[in-house]
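Have a look at the structure below, then the notes.
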Amino acid sequence: MRQKLRTRNIRNTRIFSSSARRGITVTPLKGVLLTLLCVGIPTVSLGAVCLSLAKNNLKLNEENQELDKIASEVKAEVDSLGEEIEDLREWAGAESESAAQSLSRSNADRVSQEDLPPRGGPALAIDSLELLKSVRQQVPTLDRTLDSQIKPAVEEAIAKEAAYPSGIPVLGKVDISSEYGVRSNPFGGGGYEMHEGIDFVGSVGAEIVATGDGVVTLSGHNGGYGIVVTIDHGNGYESLYAHMSKADVEIGQSIRRGEVIGYIGSTGRSSGPHLHYSLYKDEQPINPRQLLKLAD
């Protein structure tokens, strides 16, 4: 009997020892899950955290896409500004080498594809922040070019344009009685004479206006021209308005295009009320039609 009990105890001891050797192994992941379960955090909370992170990631992606769009638009606008500055420079006739070099550096990447030589290589995307930094570096160069070179050139060009005697010297309907060139003697008696201007027919007292900005160089009687006004427009141009009934400006007075300078009359060598209008370039008479915008 004692032998049977001893044998049973030995067998139980072996089973227990074997079980102990095959005990449950706890991995790190199982440990985390067991810890969450032990501290009472439900698994639904873990899902909420993951969902929140996914939403934030989506929002960041959308913001990055919007930043990319803004950066591209700003870059395009700055490049367009550079093109407009270049157009103004060319229009104004600014031929400064420094201006050309400055604009070339600031707008080196705005050349159209058809003007570019063959190129290649892998395309590397540029970060939006880097693109904005590039634009930021480009803007001061454009500002300096605009302020120091383009604006003065444009203002000078505008002044020249305003002074260019291309306006019409009479108001209302234009009625021409004599063109520039050789004509027969308007007083009869035969013979021909050189007529250095265009005669505009009008009633006595009708307004005469300057054809461009300038400075009055003569205002008063001048032989066969009667009462005359002459205006120096600069760049070698001078206009003459003759046979006035009255001049309304003084020598040295600054005049704007379209400003009234006198009134139609028939003073001097004249066969009736009209305005004789002459243009001179470098003191030589030219046909006013070369500058005036007159209907044929």
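Bear in mind that the values in this text are calculations on the coordinates, not laboratory data. Remember, it's a predicted structure, so these values are computed and weren't measured experimentally. Cβ atoms come from the backbone with ideal geometry, glycine included; neighbour counts cover every protein chain shown.
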### Task
Mind running the shape call on the stretch 176-290? Use the C-alpha gyration tensor, a ≥ b ≥ c as the square roots of the eigenvalues: rounded below 1.5 for a/c, prolate if a/b tops b/c, oblate otherwise.
oblate
### Query
In terms of modelled amide H atoms, which long-range or inter-chain residues lie less than 5 Å from the amide H of His195?
Gly181, Val182, Arg183
### Query
Which of Lys75/Lys133; Lys55/Lys75; Lys160/Lys281 have a Cα-Cα distance over 20 Å?
Lys55/Lys75
### Query
Taking amide H positions as placed 1.01 Å from N in the peptide plane, with prolines and chain starts having none, which residues 5 or more places from Ser178, or on another chain, fall under 5 Å of its amide H?
Asp199
### Query
If you plug each phi of the stretch 281-286 into the Karplus form 6.51 cos²θ - 1.76 cosθ + 1.60 with θ = phi - 60°, what whole-Hz ³J(HN,Hα) values come out, in order, with x for Gly and Pro?
10, 6, 6, 10, x, 10
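What's the exposure ranking of Ser178, Ser278, going from fewest to most Cβ atoms within 10 Å?
Numbers: Ser178 17, Ser278 21.
Placing the least packed residue first, the sequence is Ser178, Ser278.
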### Task
Could you pull out every residue, at least 5 positions away or on a different chain, whose amide H is within less than 5 Å of the one on Ile261? Hs are placed 1.01 Å off N in the peptide plane, and Pro or chain starts have none.
Ile208, Val209, Ala210
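Expressed in nm to one decimal, what extension gain is obtained for the pair Asn61 and Glu73 from 0.36 nm per residue of sequence separation less their Cα-Cα distance?
2.5 nm
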